[in-house]
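Chemist: Below is one structure. I have some questions about it.
No lab work stands behind these numbers, since they all come straight from the coordinates. In this text the structure is predicted, and so the values were computed from the model without any measurement. Note that each Cβ is placed from the backbone with ideal geometry, even for glycine, and that neighbours are counted across all protein chains shown.
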Amino acid sequence: MEITDVKVIPVDDEKLKAFVSIVFDQCFVVTDIKIINGPKGLFVSMPSKKRKDGTFKDIAHPLNNQMRQYLEEKVLGVYKQQVGSPAASAAPPSSGAEDGSSPSAAKDASQG
């Protein structure tokens, strides 16, 4: 599976830096991806849905660390090219936050 297109829409906010959509193999799109500036640098937050109990659950996400790293490198690479920010640094790929725990905090911060 290859990412064939990345569209970045920068946002002027302290934590939320951009909205992103990606296309896989020129035939499948994932939207509502966010680039968040966290305590350890930039990271990619996958699209999520708020549950009745107030927590967030990813709607779409990589199933393994190899795909997560590939996706983050592509998305953050396009973002850095577009905004021309050499100081922006990517956080290391998360180690299995596929339960939506990391994006939850980012989602809460971006909605405030």
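Chemist: Quickly work out the residue 24-to-residue 49 label distance, labels modelled 7 Å from Cα along the C-beta direction, and quote it in nm with one decimal.
Modeler: Spacing of the two 7 Å Cα→Cβ label points: 1.8 nm.
Chemist: Now, a different point. Just need the relative contact order of segment 3-84 here, percent rounded to a whole number, with Cα pairs under 8 Å and 6+ apart.
Modeler: 24
Chemist: Here's something else I'd like to know. In straight Cα distance, which lysines are under 19 Å from residue 52, not counting same-chain residues fewer than 8 positions off?
Modeler: Those lysines meeting the cut-off are 107.
Chemist: Pop out the ³J(HN,Hα) list for segment 41-49 in order, Karplus 6.51 cos²θ - 1.76 cosθ + 1.60 with θ = phi - 60°, rounded to Hz; leave Gly and Pro as x.
Modeler: Per-residue couplings from phi come out as x, 6, 8, 9, 10, 6, x, 9, 10 Hz.
Chemist: Now for a separate question. Neighbouring Cβ atoms within 10 Å as the yardstick, rank 36, 3, 59 fewest first.
Modeler: Listing 36, 3, 59 from fewest to most nearby Cβ atoms yields 59, 3, 36.
Chemist: Next question. Quick one: 3J(HN,Hα) in Hz for segment 18-28, Karplus 6.51/-1.76/1.60 with θ = phi - 60°, rounded, Gly and Pro as x.
Modeler: 6, 9, 9, 10, 10, 10, 9, 6, 6, 8, 9
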